[in-house]
1. Given the criterion farther than 22 Å from Gly297 by Cβ, at pLDDT 95 or above and out of contact with any Gly (no Cβ under 9 Å at 6 or more places or on another chain), identify the matching residue among Ala110, Ala180, Ala141.
2. Of the numbered conditions (1) surrounded by fewer than 24 Cβ atoms within 10 Å (Cβ to Cβ); (2) within 19 Å of Arg128 (Cβ to Cβ), Arg429 satisfies every one except a single condition; which is it?
3. Would you please name the residue that is surrounded by the fewest Cβ atoms within 10 Å (Cβ to Cβ), looking only at residues in the stretch 214-230 that are of a type in the set (Gly, Ala, Ser) and touching a residue at least 60 places away in the same chain (Cβ under 8 Å)?
4. Which residue out of Phe82, Phe96, Phe117 is surrounded by fewer than 24 Cβ atoms within 10 Å (Cβ to Cβ) and touching a residue at least 12 places away in the same chain (Cβ under 8 Å)?
5. So, Ala134, is that one open to solvent by less than 20 Å² (accessible area, probe 1.4 Å), in contact with a helix residue (DSSP H, G or I) (Cβ under 8 Å, 6 or more places away or on another chain) and not β-branched (Val, Ile, Thr) or not?
6. With over 29 Å from Asp816 (Cα atoms) and in contact with a strand residue (DSSP E or B) (Cβ under 7 Å, 6 or more places away or on another chain) as the only criterion, which of Ala74, Ala37, Ala79, Ala83 stands out?
7. Hey, among Asp106, Asp32, Asp72, which residue is more than 16 Å from the ligand (Cβ to nearest atom) and open to solvent by less than 30 Å² (accessible area, probe 1.4 Å)?
8. Could you please give the count of residues in the stretch 231-260 that are under 26 Å from Arg543 (Cβ atoms), open to solvent by 30 Å² or more (accessible area, probe 1.4 Å) and in a helix (DSSP H, G or I)?
Amino acid sequence: MQAIRTTCAYCGVGCGIKAQVTGEREVVIAGDPEHPANRGKLCSKGTHLGETVGLEGRLLHPEIDGRRTSWDKAIRLVARRFADTIARHGPDSIAFYVSGQLLTEDYYVANKLMKGFIGSGNIDTNSRLCMSSAVAGHIRAFGEDVVPASYDDLDHADLIVLVGSNTAWCHPVVYQRIMAARAARGTKVVVIDPRRTETCEEADLHLALRAGSDVALMNGLLAYCSDNGIVDPDFLEAHVATPDRFWEALDEGCDLWSTAAACDVPPSDLLAFFELFARHERTVTLFSQGINQSIRGTDQVNAIVNVHLATGRIGKPGAAPFSITGQPNAMGGREVGGLATTLAAHMVFAPEHVANVKRFWAAPRMAEKPGLKAVDLFRQMREGRIKALWVMATNPAVSLPDAALVREALAACPFVVVSDCIADTDTSRHAQVKLPALGWGEKDGTVTNSERVISRQRALLPAPGEARADWWIIKEVARAMGWRDAFTYDRPADIYREHARLSAYRNDGQRLFDIGHHAALTNAQYDALEPVRWGGTPFADGRFPTPDGKARLVSVEQRALDGALPKWPLTLNTGRYRDQWHTMTRTGLSPKLSQHRREPMVEIHPLDAEAEGIAEGDLVRVLTPQGDSVFRAQCSEGQRRGEIFTPIHWTDRQSSGGRTGLLPRASVDPHSGQPGFKATPARIERLAVEWRGFLIARSLPAAVPATHFTKVRVGQGWLVELAGEGDPAALAKTLLPRGERVEIVDGARGGLRIAVLGEGRLSAALYLTRNGRLPDRDWLIAQLAAAETASSTELLAGRPAAPLPDRGAIVCVCFDVGMKTILAAIGSQGLMSVEAVGAALSAGTNCGSCRPAIQRLIGETREAASA
Ligand code: SF4
């Protein structure tokens, strides 16, 4: 069977995939060697996409108030409630909250309905949380939201500076490309990040700067460039407008010593970075959420762009500032104007742009001003000003900051519609109407990745149940509201052609985003569309899309972030795990991906942990002024003193705690409205529990009455980590299924072990202890799938009679290779390179996501040997 070429569902790298459909809901995934973004490579998440296309947890039919209904009734209800709300309260009483998971065609239709027909700017997207500071920074500097770089630049750069980016985990294929360039041509790599992440493993230099001091760092670099003749006066004169007193402002507090103090880094390291920058004209500064997700995000973006403009390192091969996006189609959303602050086709709310779009759409009620940005939108909703909300393909009850406020807002909103492929999300619990949308693997349309490459996402599988494409759902609501003639699309190609036409409409070279040549694509040409980058090499001719054709230096100064405060002595940083994606609705279905991190951890410096009486593996409550949540302690020298880190993925669906979304404050950047997820004042305390343990089961119990629990998918079932107070024996009644039981009670240690057999096979096992050891989970998990049931003695002991080697935590999920196996091989065979480990154990030889981890283990072994 011929493979179908499509695009990965996850991050903004936008890797091409070749998918073979091998069964009813079975897909075999491989990288597409012809796709320019990845040239055949995939990371662990992309590699295991095939494990996530089942129908578990899917929303398959429309529902009103929790009861199945027809599409016709659901659409008519949504249209009527929206129309009534507009009539009574005006267009601004309605809001759409959409997603970088939508395809460009879905996004286009949603934006058109809201801004051109409902007549409000109140459509914002979860991309607001991801890269809106980059959008605002680009518009301030270039006049248009243009990313002036491509992945090819990484191949040509002599120096790559990674700022606020754990690239090895969050954009693994880009990281591998950087490492390949480094191996081939000795590219220097500098990482600027408060945490020592796996991205630092192969870096020439890591600057562990104080959280939020990036403006000071970049201003210090700019001052150094000015003092040492690195600034390009000809480029500045010809192509850049410089504000009054721009350079004079750098005379104060931007010298090496002051900058080192502001950033809390050794002056010698800082000087090493500045000298590397000075020596390498071909420099790419790649940045992501560490820069964007800050209440000073836009200034931080402009501080980076300033350096590139001042040194003329833009518009040339291997030289550019490079914002890399988190979501698969954040860039497509930017192109259609999916943010409340932009219009469509890279136009903004300037009168002539509003007039253009109004005329093009023949819009009866055109929005003339920006709408509410995400955080404000939910605040206004809680205050009762938003009366109807449509959430598409996202889960704001988890992902927005101050999630408790968001839940109050959803509860207060009189009418909530959710269109999603997942049946039960923390957000959809508040919805009166649930509309079943297609999932990845069923969708058909286009996405745009971080380097402006438009790729086709193609359907691999038929639509399940009554699920429909997002664009179809929005179109039908628009038609039911009376706008039949403006929403006549029969297929995604119809929408794409209109989008392409709008990009060229009254453009005349004013906006770089112009895909007008695609307006004439036939349906067949659209179906066969090859990945294509718009915009060529932006600014190669030194012209920028501003009225005078010049870019803008923007005066920015370092301001305090109000990180740690007396009552809140720590600063909380948040981010992603290597093998999970957002709120785990897809990656959480994959037992392979769940092996890398089975619980949400709070990473903390060992000395901070000691000061709080916290040991590795303890349960820890993280508290902020907004809320609190529970994580397991992971002591790490990679954390700065006074700073802690938690992952964003866990939700109410997988955990009683571990929800990072409850913790960040809803403070936002004044320009972009992007929340500051990276520096929240916090404190921690050890969570006292009387017992702890775990359950392994083929199916989940209806309820888990423990003080704390987290659950993850494992092969053939689930692993539930537990901790609590009171009589643990009572738990067994609730958690375990019926069946033949073997059990043992250890009165001395307050332990309890019960295995339940059904039809001769293990169906569940519960292990609890007050103060003893718990068995290794992996062997027990494997027993759920074992053809032969282990003996009762083995099950109660939690290990086989003939002991197996302890693999340790899984590092390579593709080949199930554990940390202890790798360390043993490094020690016994003297393996001193990632390649040598790969040759011996296969680890790191498939997707390569674990290569930085292997490098770290080699480094640690080397250090231990030389100590
Ligand atoms: S780097 Fe990984 S998650 Fe991102 S697009 Fe590529 S395969 Fe998907």
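1. Numbers: Ala110 fails: out of contact with any Gly (no Cβ under 9 Å at 6 or more places or on another chain); Ala141 fails: farther than 22 Å from Gly297 by Cβ.
Exactly one residue qualifies, and that residue is Ala180.
2. The one condition Arg429 does not meet is (2).
3. Kept after step one, since they are of a type in the set (Gly, Ala, Ser), are these residues of the stretch 214-230: 216, 220, 223, 226, 229.
Then keep just the ones that are touching a residue at least 60 places away in the same chain (Cβ under 8 Å); that gives 216, 226.
Values: Ala216: 24, Ser226: 16.
That would be Ser226.
4. On the way: Phe82 fails: surrounded by fewer than 24 Cβ atoms within 10 Å (Cβ to Cβ); Phe96 fails: surrounded by fewer than 24 Cβ atoms within 10 Å (Cβ to Cβ).
Every option except Phe117 fails the conditions.
5. Numbers: open to solvent by less than 20 Å² (accessible area, probe 1.4 Å): yes; in contact with a helix residue (DSSP H, G or I) (Cβ under 8 Å, 6 or more places away or on another chain): yes; not β-branched (Val, Ile, Thr): yes.
Here the answer is yes, as Ala134 does meet what is asked.
6. Details: Ala37 fails: over 29 Å from Asp816 (Cα atoms); Ala79 fails: in contact with a strand residue (DSSP E or B) (Cβ under 7 Å, 6 or more places away or on another chain); Ala83 fails: in contact with a strand residue (DSSP E or B) (Cβ under 7 Å, 6 or more places away or on another chain).
Among Ala74, Ala37, Ala79, Ala83, only Ala74 is over 29 Å from Asp816 (Cα atoms) and in contact with a strand residue (DSSP E or B) (Cβ under 7 Å, 6 or more places away or on another chain).
7. Details: Asp32 fails: more than 16 Å from the ligand (Cβ to nearest atom); Asp72 fails: open to solvent by less than 30 Å² (accessible area, probe 1.4 Å).
Result of the check over Asp106, Asp32, Asp72: Asp106.
8. Adding up the residues that qualify gives 6.
The values are calculated or read from the model by the stated rules, or taken from the named source; none is laboratory data. The structure displayed is predicted, hence computed values, not measured ones. Reconstructed Cβ throughout: ideal geometry from the backbone, glycine too, with neighbour counts over all protein chains shown. SASA here: full protein model, heavy atoms, side chains in, ligands and nucleic acids out. Shrake-Rupley method; radii C 1.70, N 1.55, O 1.52, S 1.80 Å.
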